[in-house]
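Just so it is clear, none of the values below were taken in a lab; they were calculated from the coordinates. Values in this document were obtained by computation on a predicted structure and should not be read as measured data. Note: ideal-geometry Cβ built from the backbone for every residue, glycine included; neighbour counts use all protein chains shown.
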Amino acid sequence: MKLFDTSPELLESPANASKDRLPVGNSFGWDFESLQRYQANHFRDLYVSEAVLEHEVQKVFGSSWLFVAVTDELPESGSFITLTLLGVPMAIVNQGNGQLKCFRNICSHRGMTLLSGSGKLGTHITCQYHQWSFNRQGDLVRIPQPDQFFGVELSELSLGSVAVEVWHEMIFVRMSENGPDFLEWISEMQGRLGAFLDGPLVEVGKVQYSVNCNWKFLVENHLDVYHLWYLHAKSLNAFDHRSFEWESLGDNWWSYEPLKASKNNLGGLPWIPDRDRVGIGAHLLFPNLMMVTTGDYFATYDAYPISPNETRITLRLRAEPGTDGETLISMVRSFLAEDIAACEALQSSTGYGGFGVGPLASTHERPLRNFHRSLRRHSGKPAGKLA
Ligand code: FES
Ligand SMILES: [Fe+2]
């Protein structure tokens, strides 16, 4: 048996899949050198190692656009939220001109945390320790007793800001100065989901919880077409998996499958194309934002790593105003529970030193391989300076 796949990179399109066969035991295309570059010695380290996670934070998450909040959380000029992102305390502030700013929530004097929770700023952010004052853009504007700080340039002591962008009310932040241009990165997904997301959707539910598995198991599961027939034999029986379509959009991923003809009934969102009203789409914004489009709602759930074997999921649902969000959340959550149980079982298997991956379905598991190829590609890029 060949332990690692050393064949040239394979074509991505399902239409071309019959032209090649993934070798037995391909381990998603990892070989010894790429594992070493990823701070791993064995395949299982990808799911259990602190060093691997640290590498991913720097190289993969740091240089990617991460979904962190929605604009409803920052409704007016001066509204702010705080969050810890990749270990760094950050704040996002509504600038009042349609712009958001995201900067370190750490005083540039002695490192005091400046803001907590969420709320509305006055004109300034003033540190409680020695009352250095910053404006809403994060620029240092006042130091008490300036004669004590002769030669200090205020302009060099602003709160380090990072790139922030909004796509259909979703706020994305990129922590590293290096990374893809937002509009280029999102453009193909916008082409596919733009009409869907243009409608009057509002957030009707949000829940956050943690699960006991590596974040990548959740993403792999989301990309796995093969399991739909089996793990979800009952819960997804209404869908015609044979007609499943998917496409790689760079590192991102789009998919669609229709309801079985006998079960056709239009979903409730009136502005979306008929095709979307009788089907379901699962999509990924690399690395960790999973999205689902249905005839009735739009769901996002991001897999944010807490440790190698613990991941925080934030599940958000958007639907028409007046939708019963609580019922919808519990329905989606109970469906996701099937996937999470499988991912947690895989995590348990990583206790076995020889944990690996056998032959993969040629088209139905190809997206998992593409995901790992994207991880390797990010791993080889310069890390860039994190916030
Ligand atoms: S730590 Fe903020 S002013 Fe001193
Ligand atoms: Fe699933």
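Numbers at a glance
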quantity: Relative exposure of I143, I92, judged by other C-beta atoms within 10 Å (fewest first); calculated: I143, I92
quantity: Sequence of F355, F172 once ranked by neighbouring C-beta atoms within 10 Å, starting from the fewest; calculated: F355, F172
quantity: Fluctuation leader among W271, W65, W253 - the chain, Gaussian network, Cα springs under 10 angstrom; calculated: W271
quantity: Normalised contact order of the stretch 194-379, rounded percent, pairs of Cα under 8 Å and 6 or more residues apart; calculated: 30 percent
quantity: Solitary cysteines of the chain, where the nearest other Cys Cβ is not under 4.7 Å; calculated: C102
quantity: Within a Gaussian network of the chain (alpha carbon springs, distance under 10 Å), most fluctuating of A195, A299, A282; calculated: A195
quantity: Charge context of S155, other residues only, Cβ under 15 angstrom, K/R +1, D/E -1; calculated: -2
quantity: Estimated inter-spin distance, D72 and S348, nm [label 7 Å along Cα→Cβ]; calculated: 3.7 nm
quantity: When each of K59/K101; K101/K206; K206/K234; K120/K381; K59/K120 is checked by Cα-Cα distance, pairs over 29 Å; calculated: K120/K381; K59/K120
